[in-house]
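Here is the structure we will look at.
Bear in mind these aren't lab numbers, they're just calculated from the coordinates by the rules spelled out. Since we're looking at a predicted model, the values are computed, not measured. A quick note on method: Cβ atoms are made from the backbone with ideal geometry, for glycine too, and the neighbour counts reach across all protein chains shown.
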Amino acid sequence: MELTIIAPNDLVYAVVRDPLPAGAEGIDPTLETNSATMSSSFNRTDQNNAYGYWGWWYFNRIEYRDEQVRFYADFLPAGTYQYTYFLQANIPGSYQVMPTVAQEDYFPEVFGRTDGMLFTITE
């Protein structure tokens, strides 16, 4: 999966909730039982990268849950970020996926979301 986050302004206490399709589960790269080739990657992709190539520390915590992946940032500078992670497809079928939602915890009126999508797993 590839998630692109565009923050037009600096965000404080931002939370991004990326729902997973039914029939699949996210592979947590921090677990010792997962292959090193299944690691996730995080990049800041805009041209205004004042902090150099570093970027993993923008999000204080990333949680892989059964139904979604959550990203938490105490402070997220304005910019474009891209996070790539792996899914394990378990059950073939076509699934509706809920939209990804991003918002500030203490200012819920500051939010954004994607479109939902149809996700198909084939044998």
Handout entry: Nitroxide proxy distance, nm - points 7 Å out along Cα→Cβ at Phe75 and Glu63
Key = 2.4 nm
Problem - Given (1) 15.0, 44; (2) 33.0, 113; (3) 13.6, 38, the label whose value is Rg and Dmax of the Cα atoms in Å derived from this model - result: (1)
Handout entry: Inter-site label distance for Asp46 and Val12 at 7 Å from Cα along Cβ, in nm
Key = 1.9 nm
Handout entry: Cβ-based net charge around Gln68, under 12 Å, with every Lys or Arg adding one and every Asp or Glu removing one
Key = -2
Practice task
Give me the number: length gained by fully extending Tyr106 to Thr33, i.e. 0.36 nm times residue separation minus the C-alpha to C-alpha distance, one decimal in nm.
Solution key: 22.7 nm
Problem - Mean separation of Cα contacts under 8 Å, 6 or more apart, over the residue count of the chain: relative contact order % - result: 38 percent
